[in-house]
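Working notes, beginning with the structure itself.
Read-outs throughout are calculated quantities, based only on the coordinates presented, and are distinct from any laboratory measurement. Keep in mind that what you see is a predicted model, and the values were worked out from it rather than measured. Glycine gets a Cβ as well: all are built from the backbone with ideal geometry, and neighbour counts include every protein chain shown.
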Amino acid sequence: MDGLEVALKRKKGAGAKGCNWAASADGDGLKMQRVHSAQVYAQALKKFHGSLTVPESVDVSLGSGPEAGAYLVAEEGAPPMNDRDLRTTLRRRFRIQKIEGTSGVCHHARTCRTICGTVHGHDGGRHAARCNIGVGVTQRHDDVRDALHDWLADIGRHPKKEQEIPHWNTVNERARLDIVLSDPRLGEVCIDVSVVTTVTQGAGRGALRGIERRERKKHLRYPGRGLFPFVLDVRGKWGREAHALVQAMVGCLPKERRADAVGSCRRAIAVALQTGVANQIHSAGKPPALTADISYVNGASQGATAEDVHGDSDFEDVPEDGAPQPLGSQAAAPGSTAAAAGG
Ligand SMILES: [Zn+2]
């Protein structure tokens, strides 16, 4: 035993507690175990990211973090994600290319019933998640907005949806903000929700770049005080301003309730986002006449129409050079026109 104690005393760094067996028995050992496993975890994570190419590593980072994975958290009173969408979300998270429901041609349909027609095959849902044809992008945005709105209402913030802010109106566009509420400290809080599909190919390191660019763009569009861009990547990561906003919003709650409230917010938003993306993927794989089983987060969103225009929140591609990404083909080839009967 003497030899062991000497060895422990000589040990440097975290865990160098020598032979303080009493402390270990008191639970200090558990704390050290946490420190050691954190080190092992950090090392494994570093090694894992080192084994990936830069775009893949950024891709993984954009789907990581407590907010991105919050759809896995079980919460009393909140229904879990449905199995189909959870399966799709997990396959995307594991970067599995083959996802059920996808086929060779994107079936996202315009209101005139022509389809997108882009050949996407098994691309891990990449095309379907960013395809601007059909209602998927708007639906996803609205579900995330509703999740945030309902959470703000739950914590007693009295938010209002879709409010016009006249001093931000321009000649071409009326400023209709997703959520507006008033805060005693911050004044009028105008929240603009947007989902970004950060392009990682050839973009270099820095997972938050696409999100930050969107945040800056929103501040340029709505200058001055009062704008709070709530930007999240399609893989789940939030921008810094979104995190800061949620922290500011829970400030009205008693200290002991804040962490739980932040948790429910993350969960509700992650479920809304991932359900929306899963719907886009599944609807891309089915001819429009057959898409009957779209699932809705709150069951109340069926009223949303394709004509419901949402300004630039809908345009989600963020290529590194800032140029708009060619999205599908606006004029579909005559061969790909689906004259879907009925439906
Ligand atoms: Zn498409």
* In nm, give the distance between the simple-model label positions of Ile165 and Phe94, each being 7 Å from the Cα along the Cα-to-Cβ direction. => 4.3
* For a footprinting-style exposure proxy, rank Lys161, Lys237 by other Cβ within 10 Å, fewest first. => Lys161, Lys237
* Asked: Of Lys237/Lys286; Lys46/Lys161; Lys47/Lys217; Lys98/Lys218; Lys47/Lys218, which ones are farther than 31 Å apart at the Cα?
  -> Lys46/Lys161; Lys47/Lys217; Lys98/Lys218; Lys47/Lys218
* To do: Note down the nm distance, to one decimal, between modelled labels 7 Å out along Cα→Cβ at Arg174 and at Arg84.
  => 3.6
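Counting other beta carbons within 10 Å of each residue's own, what order do Trp151, Trp168 fall into, fewest first?
Trp168, Trp151
Quick one: which of 106-116, 77-87, 35-45 comes out on top by average Cβ neighbours within 10 Å, and what's the full order, highest first?
On the way: 106-116: 19.5, 77-87: 13.6, 35-45: 10.8.
Descending packing order for the listed peptides: 106-116, 77-87, 35-45.
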* How far, in nm, would the chain grow between His158 and Ala38 when pulled straight, counting 0.36 nm per residue and subtracting the alpha carbon separation? -> 39.2 nm
* Stokes-Einstein D for the stretch 72-183, Kirkwood Rh over Cα pairs, 4 °C, 1.567 mPa s (µm²/s) -> 75
* Could you calculate the contour length gain from Cys112 to Arg185, that is, 0.36 nm times the residue separation minus the distance between their Cα atoms, to one decimal place in nm? => 21.5 nm
* Asked: Once the dipole of the stretch 22-164 is set up with Lys and Arg at +1 and Asp and Glu at -1 on Cβ about the Cα centre, which of Phe48, Ala153, Gln163 lies farthest towards its positive end?
  -> Phe48
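Determine, for each peptide in 223-236, 131-144, 244-257, the mean count of other beta carbons within 10 angstrom over its residues, then list the peptides with the highest first. Before the final figure, lay out the partial values.
On the way: 223-236: 20.6, 131-144: 22.8, 244-257: 14.3.
Those peptides, ordered most packed to least, come out 131-144, 223-236, 244-257.
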* Which residues in the stretch 161-183 have a backbone N closer than 18 Å to a point placed 7 Å from the Cα of Arg225 along the Cα-to-Cβ line? -> 165-168, 180-183
* Structure fact -> Put in order of increasing Cβ neighbours within 10 Å, starting from the fewest, Lys160, Lys47 give Lys47, Lys160
